[in-house]
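Presented below is the structure to which this report refers.
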Amino acid sequence: MGLQVAFKPLGIVIALIFISIPFVVRTVEPVLLEFETSMEEAGASLGATRLQIFTRIIFPNVFPALLTGFALAFARGVGEYGSVIFIAGNIPYVSEIVPLLIVIKLEQYDIEGATAIALTMLVISFLLLFLINLLQLWVRKRSGQL
Amino acid sequence: MSILLSDISKNFGTFAALNHINLDVPEGELVALLGPSGCGKTTLLRIIAGLEHTDKGRVIINGQDKTEQTVSQRGIGFVFQHYALFRHMTVFENVAFGLRVKPRKDRPSNDVIAKKVHSLLELVQLDWLHNRYPDQLSGGQRQRIALARALAVEPSVLLLDEPFGALDASVRKDLRQWLRNLHHELHVTSIFVTHDQEEAMEVASRVVVLNHGQIEQQGSPSDIYDHPANAFVSKFIGQTNIFDLDEHDNDWLQTAGLLQPSQQGKIAHVRPHDIIIKKTDNHHTAPATLKDWQHLGALIRIELVKNESNGSDAPVFAEMPNDQFKQLELTKGDKVKLKIRQAHWFH
Amino acid sequence: MHTAAQPLNKDKVVTQQHALQDPIWVRWGLIAIAISFISLFICVPLGLVIFQAFSKGLQAYWSALSNTDTLSAIKLTLLVAVITVPLNTLFGVVSAWAITRFEFKGKSFLTTLIDIPFSVSPVISGFIFVLLFGAEGWFGKILVEHDIKIIFAAPGIILATLFITFPFVARQLIPLMQEMGNQEEEAALSLGASGWKTFFSVTLPNIKWALLYGVLLCNARAMGEFGAVSVVSGHIRGMTNTLPLHVEVSYNDYDVVSAFASASILAALAIVTLILKTALEWKQANR
């Protein structure tokens with residue numbers, strides 16, 4: 001087919017999709033389940049089409065959960081190690097990921113180097129967590145006012 | 001048993017939920033804590049139960065200081081607003097729970113528990129449901145099971161949080177009567193919280209009116225209705241017409257028989273049934289126009305507009321029995337004469 | 001309304017669309033996308049694992065599994081799960097209880113902390129333990145003096161797994177306990193039940209299915225964790241290799257059957273977990 005997956009960035013993409021789907025599905029699903037159909041019915045009674053109901057009623061309600069799911073999936077994707085190293089071939093500058101870099105530095109007993117990379121990634125994770133919490137706070141505030 | 005609350009205060013953050021509450025409930029009374037939402041009545045009930053701590057003050061039940069005791073030590077019966085039945089237990093197990101968790105030496109045998117539970121279920125007339133789960137019951141049935149559960153431990157006092165709040169209007173009417181009869185039978189000191197003045201007047205032997213974390217008035221239902229201590233109580237207990245002397249035509253009020261030499265205060269509250277409607281002119285009657293009326297069962301509620309010399313046309317509400325109103329043979333727009341029988345004056 | 005009394009036209013009822021129903025092509029389109037996505041990214045890889053494991057016959061599969069290195073990897077994996085899952089169940093219940101039942105300062109911070117293992121790379125999680133307990137780590141000297149081995153030994157693997165699987169139980173319980181409220185517990189207390197009694201006879205029966213679900217997820221992750229364990233284990237064959245690590249080592253040795261045979265155990269674990277999970281969800285819905 002000429003389409004090579006292993007040992008290419010495309011392989012990493014596929015591995016990370018596999019890993020991160022559940023995060024998005026699991027955060028959005030309960031919100032959709034709990035979603036009041038009466039709101040959709042109200043929209044329909046006011047003459048909205050299904051597309052309008054989706055874009056104007058359902059989506060805005062699901063959006064915060066979607067963002068949270070996105071952030072969780074993103075955090076997991078950035079940090080993922082196991083599944084990626086199998087498929088990526090770990091060619092420097094082509095298909096080498098950051099967590100692997102930490103492991104390599106560690107194996108070379110370059111603790112300082114490993115620590116530096118780990119710290120940078122930790123900061124990114126904390127920022128993401130902070131963002132998720134901010135989001136949830138915002139959602140709670142907004143729904144509290146409604 | 002008697003309940004004595006002395007100088008109870010409670011703050012949530014900067015919000016003062018209760019402010020120096022003193023209350024004495026004699027043994028055997030059925031007391032209503034009545035007030036608008038957010039007045040602190042549920043907080044007060046939870047403090048008596050030990051579900052909430054006081055910042056200040058003492059809770060004394062039957063002469064014993066219970067302030068430091070936890071809810072499980074106080075031996076009270078609490079009926080929760082949404083009943084809080086244990087959803088994984090049958091009706092029987094729900095009622096038996098309080099007996100089963102007693103320390104081993106006080107715990108009755110299974111036979112005694114079964115007998116007691118069945119007698120309680122008979123008391124609330126639901127013994128036939130003992131095998132059901134709470135999800136399979138109607139609201140009124142859950143309410144009665146919750147009550148039976150609270151009574152199983154033979155509580156010294158019974159506390160009910162909005163006992164009829166979540167029920168249909170017709171079920172509510174039946175249960176009110178039933179609760180009052182039950183109280184007559186058992187005579188356990190009971191306090192219930194409600195925001196519905198009609199419910200408080202109908203069920204309770206004493207009513208305590210709360211507002212903004214303070215007791216506005218307490219007394220028998222007729223006391224409170226006939227002699228409201230202040231404008232808040234008067235407005236909260238039943239309908240009332242409010243005449244502020246600064247805004248209203250004094251001549252009109254005088255001819256209606258309202259202004260009297262002995263009056264104190266500037267604001268008059270007049271109950272709708274204290275307004276008499278006449279067709280013919282008479283002494284002490286003031287002119288008004290009939291606007292509309294509604295049937296409230298035995299009573300008719302009549303909307304009138306005052307015909308004042310200063311041109312204002314403030315509305316006045318009156319009430320009278322159905323048949324009396326029919327005898328008057330009035331139609332919309334008729335000119336009538338009003339007489340005010342009595343008023344409560346406030347500053 | 002005389003129209004309501006007329007017999008309904010049956011054909012019309014059948015073709016009439018429910019107000020909130022999407023057109024057929026939208027529904028089937030979405031379902032098709034979801035199914036093909038899942039089969040492409042989840043079912044095909046899982047199927048491949050099974051296929052490769054048996055590619056040289058049942059005999060080869062069996063001998064790959066009964067190999068001493070594989071057996072010791074299975075043993076270590078079970079040991080790790082047996083220790084970490086009960087501990088994290090306890091931690092999970094305690095922290096969910098604290099977060100949903102008490103008001104205290106720093107509560108939202110604690111809630112955030114619980115999520116950290118989810119958002120931090122497993123490699124970094126493992127690396128933290130190397131920094132703490134490794135030969136050149138903070139406690140390295142003391143540990144060497146007392147001849148205690150944590151890194152490149154089972155204790156390190158257990159610690160790393162403990163860290164990684166911490167959130168599963170708590171995360172499963174917190175929303176449920178928040179939604180449940182504490183009225184039933186207050187009712188039990190008002191009837192004279194002690195705190196323990198209330199927990200065991202009222203709280204636990206209400207949360208048991210969610211708790212089991214959390215335990216199940218926690219277990220699946222504890223047995224399947226790779227990144228964090230890989231950093232702290234040192235890959236010593238027959239000593240500090242868990243099943244996922246054994247998969248990697250065999251794969252790097254071009255021992256494909258052994259790699260996929262070990263992987264098939266993990267895949268089977270995943271499938272059993274899924275089946276149990278579905279059963280639990282069904283149980284909870286039909287309570």
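The values are calculated or read from the model by the stated rules, or taken from the named source; none is laboratory data. Predicted, not measured: the structure shown is a model, and the values here were computed from it. Cβ placement follows ideal geometry from the backbone for every residue including glycine, while neighbour counts extend to all protein chains displayed. Just the protein is used for accessible areas: all its heavy atoms, side chains included, with ligands, DNA and RNA removed. Shrake-Rupley method; radii C 1.70, N 1.55, O 1.52, S 1.80 Å.
For segment C:134-159, taking the residues that are closer than 23 Å to A:V98 by Cα, of a type outside the set (A, V, I, L, M) and open to solvent by less than 60 Å² (accessible area, probe 1.4 Å), the one that is farthest from the other protein chains (Cβ to nearest Cβ) is identified as C:G156. Taking into account only those residues within segment B:23-43 that are in a loop (DSSP other than H, G, I, E, B) and in contact with a Leu (Cβ under 9 Å, 6 or more places away or on another chain), which is nearest to B:I61 (Cα to Cα)? Among those that are in a loop (DSSP other than H, G, I, E, B) and in contact with a Leu (Cβ under 9 Å, 6 or more places away or on another chain), it is B:G40. Of all residue pairs spaced 6 or more apart or on separate chains, those with beta-carbon atoms under 6 Å, a first member in segment C:127-138 that is farther than 19 Å from A:E80 by Cα and in the same structural domain as C:L159 (by TED's automatic domain parsing) and a second member that is crowded, with 21+ Cβ neighbours inside 10 Å and not small (G, A, S) are C:F133/C:I150; C:F133/C:I151; C:G134/C:I151.
In segment C:181-224, the residue that is nearest to C:A279 (Cα to Cα) out of those that are outside any helix (DSSP H, G or I) and touching a helix residue (DSSP H, G or I) at 6+ places or on another chain (Cβ under 8 Å) is C:N182. Only one of the listed residues (B:P221, B:P228) is open to solvent by less than 30 Å² (accessible area, probe 1.4 Å) and without any contact (Cβ under 8 Å) to a residue 24 or more places away in the chain. That residue is B:P221. Which pairs turn up if I take residues in segment A:113-142 that are closer than 12 Å to A:A75 by Cβ and facing chain C (nearest Cβ under 10 Å) and look for partners that are part of a helix (DSSP H, G or I) and of a type in the set (D, E, K, R) with beta carbon separation below 8 Å, at least 6 apart in sequence or on another chain? Listed pairs, sorted by first residue: A:L129/C:D115; A:I132/C:D115.
So that you can scan it fast, the table gives a plain yes or no per residue for (1) in a helix (DSSP H, G or I); (2) under 35 Å from the mean Cα position of the chain (by Cα); (3) farther than 28 Å from C:W196 by Cβ:
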site	(1), (2), (3)
B:A96	yes, yes, no
B:L99	yes, yes, no
B:P103	no, no, no
B:P108	no, no, no
B:I113	yes, yes, no
B:H118	yes, yes, yes
B:E122	yes, yes, yes
B:W128	yes, yes, yes
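State all residues of segment C:1-30 that are part of a helix (DSSP H, G or I), modelled with pLDDT of 55 or more and open to solvent by 80 Å² or more (accessible area, probe 1.4 Å); if no residue qualifies, say none. Result: C:I24, C:W25, C:R27, C:W28, C:L30. Counting only residues that are open to solvent by 30 Å² or more (accessible area, probe 1.4 Å) and touching a Pro at 6+ places or on another chain (Cβ under 8 Å), segment B:264-284 holds 0 of them.
Take the conditions at positive phi, part of a loop (DSSP other than H, G, I, E, B) and surrounded by fewer than 23 Cβ atoms within 10 Å (Cβ to Cβ) and apply them to B:G57. Does it pass?
On the way: at positive phi: yes; part of a loop (DSSP other than H, G, I, E, B): no; surrounded by fewer than 23 Cβ atoms within 10 Å (Cβ to Cβ): yes.
So B:G57 does not fit the description; no.
Counting only residues that are in contact (Cβ under 8 Å) with a residue 40 or more places away in the chain, more than 12 Å from chain A (Cβ to nearest Cβ) and of a type in the set (S, T, N, Q), segment C:204-247 holds 3 of them.
Taking the criterion of being part of a loop (DSSP other than H, G, I, E, B), open to solvent by 40 Å² or more (accessible area, probe 1.4 Å) and within 18 Å of B:A148 (Cβ to Cβ), the residues of segment B:159-189 that qualify are B:A166, B:H187.
Only strands (runs of 3 or more DSSP E) whose full extent lies in segment B:285-347 are considered here, and the ones with at least 2 residues that are free of Cβ contacts under 8 Å to residues at least 60 places away in the same chain and open to solvent by less than 80 Å² (accessible area, probe 1.4 Å) are B:286-296, B:299-306, B:315-321. Can you confirm whether A:F74 is within 12 Å of another protein chain (Cβ to nearest Cβ), open to solvent by 60 Å² or more (accessible area, probe 1.4 Å) and either within 27 Å of A:I124 (Cα to Cα) or touching a residue at least 12 places away in the same chain (Cβ under 8 Å) (or both)? Yes: the conditions hold for A:F74.
Considering segment B:78-95, the residues that are within 7 Å of chain C (Cβ to nearest Cβ) and touching a residue at least 60 places away in the same chain (Cβ under 8 Å) include one that is nearest to B:S119 (Cα to Cα), namely B:F78. The residues of segment B:207-226 that are assigned to a strand (DSSP E or B) and out of contact with any Pro (no Cβ under 8 Å at 6 or more places or on another chain), listed by number, are B:V208, B:V209, B:L210, B:Q214, B:I215, B:E216, B:Q218, B:G219.
Suppose we filter segment C:115-167 for residues that are aromatic (F, W, Y) and under 19 Å from A:S125 (Cα atoms); how many remain?
Looking only at that region, the number is 5.
So is C:I128 of a type in the set (A, V, I, L, M, F, W, C), modelled with pLDDT under 85 and in a helix (DSSP H, G or I) or not? No, not satisfied.
One line per residue, one yes/no per condition, for (1) of a type in the set (V, I, T); (2) open to solvent by less than 20 Å² (accessible area, probe 1.4 Å); (3) at pLDDT 90 or above:
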{"residue": "B:H118", "(1), (2), (3)": "no, no, yes"}
{"residue": "B:L121", "(1), (2), (3)": "no, yes, yes"}
{"residue": "B:L129", "(1), (2), (3)": "no, yes, yes"}
{"residue": "B:D135", "(1), (2), (3)": "no, no, no"}
{"residue": "B:G140", "(1), (2), (3)": "no, yes, no"}
{"residue": "B:I145", "(1), (2), (3)": "yes, yes, yes"}
{"residue": "B:A148", "(1), (2), (3)": "no, yes, yes"}
{"residue": "B:E154", "(1), (2), (3)": "no, no, no"}
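Just one residue in the set B:F192, B:F232 is out of contact with any helix residue (DSSP H, G or I) (no Cβ under 8 Å at 6 or more places or on another chain) and either in a strand (DSSP E or B) or hydrophobic (A, V, I, L, M, F, W, C) (or both); that residue is B:F232. Annotation: of all residues in segment C:243-287 being open to solvent by 40 Å² or more (accessible area, probe 1.4 Å) and basic (K, R), the one that is modelled with the highest pLDDT is C:K283. Taking the condition over 28 Å from B:G40 (Cβ atoms), touching a helix residue (DSSP H, G or I) at 6+ places or on another chain (Cβ under 8 Å) and either crowded, with 20+ Cβ neighbours inside 10 Å or not small (G, A, S) (or both), does B:D106 pass? Taking the combined requirement at face value, the residue does not satisfy it.
For segment C:173-180, the condition holds for at least one residue, the condition being that it is within 10 Å of chain B (Cβ to nearest Cβ) and touching a helix residue (DSSP H, G or I) at 6+ places or on another chain (Cβ under 9 Å). Does segment C:37-57 include one or more residues that are within 12 Å of chain A (Cβ to nearest Cβ), touching a residue at least 24 places away in the same chain (Cβ under 8 Å) and of a type outside the set (D, E)? Yes, the conditions are met somewhere in segment C:37-57.
Looking only at residues of segment C:77-123 that are in contact with a Pro (Cβ under 9 Å, 6 or more places away or on another chain) and within 9 Å of chain A (Cβ to nearest Cβ), we find that the one that is surrounded by the most Cβ atoms within 10 Å (Cβ to Cβ) is C:V123.
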